[in-house]
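Shown next, in structure tokens, is the structure this report addresses.
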Amino acid sequence: MATTGRPPRPWLVAAWPGMGNVAVIAAGHLVRELSMTPAQELPSHEHFDISEITVKDGLVTPVHQPRGLFFRWTHPTGGRDLVVFLGEAQPTSGTYAYARELLEVAAEMGVERVVTFASMASALHPSANPKVAGIATDPGSLAELRRAEVPPMNDGQIGGLNGVLLAAAAERGLSGMCLLAEIPFFAANIPNPKAARAALSVFSIIAGIDVSLDLLARHAAVVDRMLIDLYEKLQAQGAFDQLTEQNGEQGDEGDSESGGEPGGGAGPSGTGTPPAKAAGLPESKPLDYATRQRLEQLFEDARRDQGRAVALKQELDRLGVFAQYEDRFLDLFRRAG
């Protein structure tokens, strides 16, 4: 078959923090595995408000504005190039204008399609493989998803820029799609590398780009063990019955990301409250100084190496103080990705 000799135009993959951090994990994995190089930064302009400051040793530290960086990858054999945009946070104002500004830069890079990732909170057991659904900006892209055996998400909402960017793309006449992977509803605040792996495996087929997913598989095995343990504890405490009575079981409703907060997203109660708290865990126990210092070291080890989080959680459970440290423990994962 004759060819024009011109490579296909690049695709843009864009990601921001959301439920399960699926989008950021998936896009960040592409950046690492393909050794992508930074191309340019998207100015934040007036899209981010400052709601808090950081103090260290009594002094106010400089304000940090969330960054958004473009990365580029050139296909080594003349195939499709990729542009990846990673945003540190969702904008707090002018979200649609922000999406338009991003696409202006992408247009200068010759992008012809926009791809995002998101999550679907469901009753998925943490040991099960997540399903992937999709949405598209046009019938042709939707048909492409169907050919890849990706069922459409028929109804629902996708909050945040992982969804809003597609509306801005459609406005410009760009084709676009979002790949949504299942995550367990009780673990919406915990990054889910298995869901990110599922979404990326579909993306690699559609884009025709070979990328290793081995690292995500190893991370998923670690997180799965922790989620299964948490699931069994919540089940034993009757937490799922309580949450179902209060809110009803969550189905395939799409990613309900909240603006700005890394790892954000509503839990089953719609408030972001971790289900373990809603279940009412045992009262925290007092700890002596040496034990607190040992836990601080375990937290530092887990911060440096996410794989050590399982050992940390086991120790918190053994001491009966997980409720006391739950927010800090989840923060380890909210900052991952």
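Throughout, read-outs are computed from the coordinates displayed, never taken from laboratory work. Note that this is a predicted model, so its numbers are computed, not measured. Cβ: placed from backbone, ideal geometry, glycine included. Neighbour counts: every protein chain shown.
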Net charge contributed by nearby residues that have their C-beta within less than 11 Å of Asp138 (K/R +1, D/E -1): 0
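If each residue of separation counts as 0.36 nm, what is the full-extension length gain between Glu296 and Asp327 once their alpha-carbon separation is subtracted? Intermediate results must be reported in sequence, preceding the final value.
On the way: separation 31, 0.36 × 31 = 11.16 nm, distance 1.41 nm.
My answer for the length gained is 9.8 nm.
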Qualifying GluC sites (Glu not before Pro) in the range 1-78, DSSP loop, other Cβ atoms within 10 Å at most 12: Glu46, Glu52
Calculated from backbone phi, Karplus (6.51, -1.76, 1.60) coupling profile of the range 32-42 in Hz, x at Gly/Pro: 6, 5, 8, 6, 5, 10, x, 9, 6, 10, 8
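Out of the range 80-178, which GluC sites (Glu not before Pro) are coil in DSSP terms and have no more than 10 other C-beta atoms within 10 Å? Present the calculation step by step, with values, prior to reporting the outcome.
Values: sites: Glu88, Glu101, Glu104, Glu108, Glu112, Glu144, Glu149, Glu171; in loops: Glu88, Glu112, Glu149.
Here the GluC sites (Glu not before Pro) that fit, given the DSSP loop and packing criteria, are Glu149.
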Paramagnetic reach from Ser127 in the range 201-236 [backbone N under 20 Å; point 7 Å along Cα→Cβ]: 217-236
In the range 15-109, the trypsin sites (Lys or Arg not before Pro) that fall in loop regions by DSSP, at most 14 other Cβ within 10 Å: Arg67
